[in-house]
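Have a look at the structure below before the remarks.
The values are calculated or read from the model by the stated rules, or taken from the named source; none is laboratory data. These numbers come from a predicted model, not from an experiment. No Cβ is skipped: glycine too gets one built from the backbone with ideal geometry, and neighbour counts run over all protein chains shown. These area figures cover heavy atoms from the full protein model, side chains too; ligands, DNA and RNA do not enter into them. Shrake-Rupley method; radii C 1.70, N 1.55, O 1.52, S 1.80 Å.
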Amino acid sequence: MLEAELRDAVANREFKTHFQPKIDFQTGQVVGAEALARWIRPNGKIISPNTFIPLAEETGLVNQIGEQVLEAACESARIWMQEGFNATVAVNVSPRQFQASDLIETVLAILKRTGLPPNRLELEITESMAVSEPEKVARVMRPLRSLGTKLAIDDFGTGFASLSLLKRYPLTRLKIDRSFVRDICTDRV
């Protein structure tokens, strides 16, 4: 039943993009935002990403959801830019999206359609994705990086990526998993 509802939600564009600000701690300024997908049913009920993301991955619908979120995020970032904010937008790319043969073309088409300069977009992949298919990730990201699109590895430290593996990627940001920094001020070890 949830799968059928998920298919309807994709068709009806029920996924909304919310933004988590990124703050420069030295200046206190907002320097960017991370796009977060939220499924809000017409009746107002919110379906948790922990519920719909695994199902979307399993059914392949994550590609369509990802495209909708990417487009909404790029459109919002273009508006921010026009209003004078010097901010980038980060969008998660799922492992399934990386399997699609047209990811580069999809990103480029959305950037063109929304009018967002490539240097205002940051694509985030998980450490597990970086470890499982390093050649593919590098092959996909190099052309996008050459245009100015940024690349971040999220959740670093939760898997088995070595620092030497990171040299293979045209990275602009490494996001260390919160489990490493959560107790940084109180942990004596």
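A few remarks follow.
- Within region 1-12, being part of a helix (DSSP H, G or I) and either of a type in the set (Gly, Ala, Ser) or open to solvent by 80 Å² or more (accessible area, probe 1.4 Å) (or both) holds for ALA4, ARG7, ASP8, ALA9, ALA11.
- When LEU116, LEU147 are screened for being open to solvent by 40 Å² or more (accessible area, probe 1.4 Å), at negative phi and either touching a Gly at 6+ places or on another chain (Cβ under 7 Å) or of a type in the set (A, V, I, L, M) (or both), only LEU147 passes.
- Some residue of region 19-32 being open to solvent by less than 20 Å² (accessible area, probe 1.4 Å) and either more than 29 Å from PRO118 (Cβ to Cβ) or not in a helix (DSSP H, G or I) (or both): yes
- Only a single criterion out of (1) closer than 18 Å to ASP154 by Cβ; (2) in a helix (DSSP H, G or I); (3) open to solvent by less than 50 Å² (accessible area, probe 1.4 Å) is not satisfied by PHE52, namely (1).
- Any chance PRO143 is over 28 Å from ALA9 (Cα atoms), touching a Leu at 6+ places or on another chain (Cβ under 6 Å), modelled with pLDDT of 80 or more and not aliphatic (A, V, I, L, M): no
- Residue among GLU127, GLU122 that alone is modelled with pLDDT under 80 and buried (at least 19 other Cβ atoms within 10 Å of the Cβ): GLU127
- Region 90-143: number of residues that are free of Cβ contacts under 8 Å to residues at least 40 places away in the same chain and farther than 18 Å from ILE53 by Cα: 26
- For PHE15, the criteria (1) over 20 Å from ALA152 (Cβ atoms); (2) open to solvent by 40 Å² or more (accessible area, probe 1.4 Å) hold in every case but one, which is (2).
- Remark: pairs (first residue in region 28-51, farther than 22 Å from ALA90 by Cβ; second residue in a loop (DSSP other than H, G, I, E, B) and open to solvent by 80 Å² or more (accessible area, probe 1.4 Å); Cβ separation under 8 Å; 6+ apart in sequence or on different chains) = PRO42/ASN12.
- Residue match in region 83-93 (condition: crowded, with 16+ Cβ neighbours inside 10 Å, among the aliphatic types (A, V, I, L, M) and modelled with pLDDT under 95): yes
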